[in-house]
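Undergrad: Pasting a structure below so you can have a look.
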Amino acid sequence: ISPQKAGKKLKVMACRQRNFVKTRMYQIVSEIIVLAKQYYCTIVIEDLKNLRKRKTEWTKRSRKIVNRIPYHLFRFIIEAKSKLHRLYLMAVNPKHTSQQCNRCGHTSKGNWKHYNLFQCQKCGFTLNRDRNASVNICDRASDALHELVAQFSVATGAVNLLPRSYEPVSS
């Protein structure tokens, strides 16, 4: 195979892979939207920023894995679809979500026993690390929603106290 033909084949393969990833992202977001509508849920994601790493920050293998994932595309698709279907999308601070115990609140890097296992050094609670992080994300979103509701109820409290004209219902 000549170098020109090999280059063309690589471009075709890269385009197919890009299309596959994009299609699969839309399928995943559609499944999330269906579940959120079915259970009347708020969609909560981590507010991930500055994920791309430089040569001096991580090993080549780690950078390759993380830099390949199209987080921005996923966020763009889920924001667009949630607006289209009138669903509330909330982004929470991702800081220490997988290091914090969802039972006692203790935060430490030592809470990671293995790649998939979370074990709190303080209370001994053991759980899958991803499950622990998802519970922490849910708790943060719940706290933020409660604050939002409290602010809204205080702001509209004075409006609710305004006198209204009462008209009896004729029967």
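The values are calculated or read from the model by the stated rules, or taken from the named source; none is laboratory data. Everything quoted here is computed from the prediction, not taken from an experiment. Every residue, glycine among them, receives a Cβ derived from its backbone with ideal geometry; neighbour counts consider all protein chains shown. Keep in mind that these areas ignore ligands, DNA and RNA; they rest on the heavy atoms of the full protein, side chains included. Shrake-Rupley method; radii C 1.70, N 1.55, O 1.52, S 1.80 Å.
Undergrad: Mind checking the full-extension length gain between residue 123 and residue 69? Use 0.36 nm per residue of separation minus the Cα-Cα distance, one decimal, nm.
TA: Value of the extension gain: 16.0 nm.
Undergrad: Of the accessible area of the chain, with the probe set at 1.4 angstrom, what percent is carbon plus sulfur?
TA: Carbon and sulfur together cover 57 percent of it.
Undergrad: Mind listing the Cα extents of the range 82-140 along all three principal axes, in Å, largest one first?
TA: Each principal axis gives a Cα extent; for the range 82-140 these are 43, 19, 15 Å.
Undergrad: A further question on this structure: Can you pull the one-decimal nm distance between simple spin-label points at residue 109 and residue 62, each 7 Å off the Cα toward Cβ?
TA: Between residue 109 and residue 62, the simple spin-label model gives 0.9 nm.
Undergrad: Modelled label-to-label distance, residue 76 and residue 138, 7 Å Cα→beta-carbon offset: nm?
TA: 3.1
Undergrad: Which of 111, 128, 19 moves the most in a Gaussian network model of the chain with Cα springs under 10 Å?
TA: 19
Undergrad: Given H placed on each backbone N at 1.01 Å, which residues far from residue 46 in sequence or on other chains put an amide H within less than 5 Å of it?
TA: Here the answer is 92, since their amide H atoms fall under 5 Å of that of residue 46.
Undergrad: Cα-Cα over 27 Å: which of 5/49; 55/122; 49/81?
TA: Going by Cα-Cα distance, 5/49; 55/122 fall outside the 27 Å limit.
Undergrad: Which residue fluctuates most in the GNM of the chain (Cα springs below 10 Å): 79, 31, 46?
TA: Sorting by GNM fluctuation, first place goes to 31.
Undergrad: Evaluate E = 1/(1 + (r/R0)^6) for residue 11 and residue 49, where r is the Cβ-Cβ distance and R0 equals 25 Å; express this FRET efficiency to the nearest 0.05.
TA: 0.20
Undergrad: Using Cα-Cα distances under 8 Å and only pairs 6 or more residues apart, what relative contact order does the chain have, in percent?
TA: About 17 percent, as a whole number.
Undergrad: If you take every DSSP beta bridge fully contained in the range 1-142, what fraction is antiparallel? Give it as a percent rounded to 5.
TA: In the range 1-142, approximately 55 percent of DSSP beta bridges are antiparallel ones.
Undergrad: Further question: Could you pull out every residue, at least 5 positions away or on a different chain, whose amide H is within less than 5 Å of the one on residue 117? Hs are placed 1.01 Å off N in the peptide plane, and Pro or chain starts have none.
TA: HN-HN under 5 Å from residue 117: 129.
Undergrad: How high is the relative contact order of the range 24-123, given as a whole-number percent (alpha carbon pairs under 8 Å, six or more residues apart)?
TA: 28
Undergrad: Taking the solvent-accessible surface of protein heavy atoms with a 1.4 Å probe, what is the per residue accessible area of the chain in Å²?
TA: Heavy-atom accessible area per residue stands at 81 Å².
Undergrad: Now for a separate question. In the calculated pair distance distribution of the chain, what percentage of Cα-Cα distances lie above 19 Å?
TA: For the chain, the share of Cα pairs beyond 19 Å comes to 74 percent.
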